[in-house]
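The values are calculated or read from the model by the stated rules, or taken from the named source; none is laboratory data. Please read all numbers here as calculations on a predicted model, not as lab measurements.
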Amino acid sequence: MKKRIHIVVDETEKERFRLRAREEGKSLSSWLRDAARRVLAEAGGGRQLDTLEELGDFFRSCDEQETDREPAWEEHRRVIERSAKSGAADT
């Protein structure tokens with residue numbers, strides 16, 4: 001289900017956004033969504049999977065990275081501890 005987001009911008013900024021969107025052949029809403037997605041992608045916020053095909057590609061790439069070797073518990077534990085200390089996943 002899609003939801004609306006209301007943002008507050010001044011009239012000049014809104015007009016600049018609207019003109020750029022029109023130059024790109026997009027609605028203002030579509031242009032703003034694309035801009036927000038670009039910011040997320042540049043920030044490294046993770047991979048966006050919007051279709052079943054993209055999801056399938058993601059799982060295939062994961063399978064290609066597998067070494068067919070399950071790491072030893074101590075290796076798992078080091079990864080978990082490193083992640084807990086940094087506050088971010090190592091993978």
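Below are the figures for this structure:
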{"read-out": "Single residue of Glu42, Glu75 found to be on the phi < 0 side of the Ramachandran plot, of a type outside the set (Ser, Thr, Tyr) and within 17 Å of the chain's Cα centre (by Cα)", "value": "Glu42"}
{"read-out": "Candidate set from region 29-72 (those that are modelled with pLDDT under 85, in a loop (DSSP other than H, G, I, E, B) and hydrophobic (A, V, I, L, M, F, W, C)); member that is nearest to Lys2 (Cα to Cα)", "value": "Leu49"}
